[in-house]
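Before any comments, here is the structure.
The values are calculated or read from the model by the stated rules, or taken from the named source; none is laboratory data. In this text the structure is predicted, and so the values were computed from the model without any measurement. Glycine gets a Cβ as well: all are built from the backbone with ideal geometry, and neighbour counts include every protein chain shown.
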Amino acid sequence: MDKIDLLFDSLEGAYAPNTIRSYRSDYMHYATWCQKYQNNPLNIHGEQFANYILQMGENLTVATIQRRVANLNSIFNLTKSTNPTKEPVVILTIKKLRRKFGKPQQQATPLTYDILTKLKNICSNDIVGIRNRLLLQLGYETMRRRSEICQFRFEDLQHHGNHKHALLLRHSKTDQYNQGKIIPISGELSEMILSWSLAIDQDTGYILRSFKRNLSANPSLTPASINHILKDLQKQASLNQIGELSGHSFRVGAAIDLLDKNISLEKIMLRGGWKSETSAIRYLQSWNDRNWQIIG
């Protein structure tokens, strides 16, 4: 087993599975390039690495290139190998690409409360429609990422005094040590979860489920399925003029609604699980001056 295989094995349990997959994928792309040009991937000079970046610039976005360089930087450091990512020629090459091709990342179309209502109204009354209404409400209220929405379990539903309800988020992108986060939810969403539990005759396991051909429920719903469901509901509701909805639409839409209610940026960050103002503002940057005045 070589040095890089030992590294990836050692990362198990210390890093999130998605992070390890990203590291492995980006390294394999880089290693394939090195093999083509007979370079040692763990002992490469800055000029050679800059050439790799320039070749990526021919068909990849600047954001993808920056992610790959960041991942490779981590791999070089973890393997105590030669690290060319901080050399001046590499830094200048990335700056040139950013100036030449860099574009602001496209933000997700916001799924605001009015859109939420329209989508819920066109959901059917069968088992699929019940699931879809629950998905919409769950995504909007919790403001979580697709993978996080899919990991909520029936056991995570909590009932507190004074008619207060919450869901336990066991793990998130910003909670690598699984400390968990309690997310307050409405009584409406709590009732929807309980009704859904009765509809599929399940009170344990993942809340959101996909379906077999006979409409019996599978054990879970995949994150990728959320985009497909939203796209289908958006088409049924004739809302194609707003831009394509995606799993991230829940987060940006709910954040915009909170902003319109004069909720502080700090509280929006806490609700949505953002750790930095930069990340939160990136979700809000495409909206009008009135919203920005509220932030100030």
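Numerical summary
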{"quantity": "Residues of the range 222-237 satisfying the condition of being modelled with pLDDT under 95 and part of a loop (DSSP other than H, G, I, E, B)", "calculated": "T222"}
{"quantity": "Search result, residues across the range 178-207 that are under 23 Å from H160 (Cβ atoms) and of a type in the set (A, V, I, L, M, F, W, C)", "calculated": "I182, I183, I185, L189, M192, I193, L194, W196, L198, I207"}
{"quantity": "Single residue of S25, S10 found to be of a type in the set (S, T, N, Q), over 30 Å from Q137 (Cα atoms) and under 21 Å from the mean Cα position of the chain (by Cα)", "calculated": "S25"}
{"quantity": "Residues (more than 21 Å from L168 (Cα to Cα), in a loop (DSSP other than H, G, I, E, B) and touching a strand residue (DSSP E or B) at 6+ places or on another chain (Cβ under 7 Å)) located in the range 192-221", "calculated": "N218"}
{"quantity": "Subset tally (residues that are surrounded by 15 or more Cβ atoms within 10 Å (Cβ to Cβ) and outside any helix (DSSP H, G or I)) for the range 48-69", "calculated": "3"}
{"quantity": "In the range 32-47, residue farthest from Y15 (Cα to Cα) [restricted to those that are part of a helix (DSSP H, G or I) and touching a residue at least 24 places away in the same chain (Cβ under 8 Å)]", "calculated": "E47"}
{"quantity": "Output for the range 156-173, where each listed residue is polar (S, T, N, Q) and either surrounded by fewer than 16 Cβ atoms within 10 Å (Cβ to Cβ) or under 11 Å from S190 (Cβ atoms) (or both)", "calculated": "Q158, N162"}
{"quantity": "Lone qualifier among G253, G180, G161 - being touching a His at 6+ places or on another chain (Cβ under 8 Å), modelled with pLDDT under 95 and not assigned by TED's automatic domain parsing to the domain that holds Y15", "calculated": "G180"}
{"quantity": "All positions within the range 38-65 that are modelled with pLDDT of 90 or more and either under 25 Å from the mean Cα position of the chain (by Cα) or among the hydroxyl-bearing types (S, T, Y) (or both)", "calculated": "Y52, M56, I65"}
{"quantity": "Residue in the range 204-214 that is farther than 18 Å from I149 by Cβ and among the small types (G, A, S) present", "calculated": "no"}
{"quantity": "Cβ-Cβ under 6 Å pairs, at least 6 apart or on other chains, the range 48-74 side closer than 12 Å to L97 by Cα, far side small (G, A, S) and not in a helix (DSSP H, G or I)", "calculated": "V62/G102"}
{"quantity": "Conditions (1) surrounded by 11 or more Cβ atoms within 10 Å (Cβ to Cβ); (2) farther than 20 Å from F250 by Cα: number failed by I185", "calculated": "(2)"}
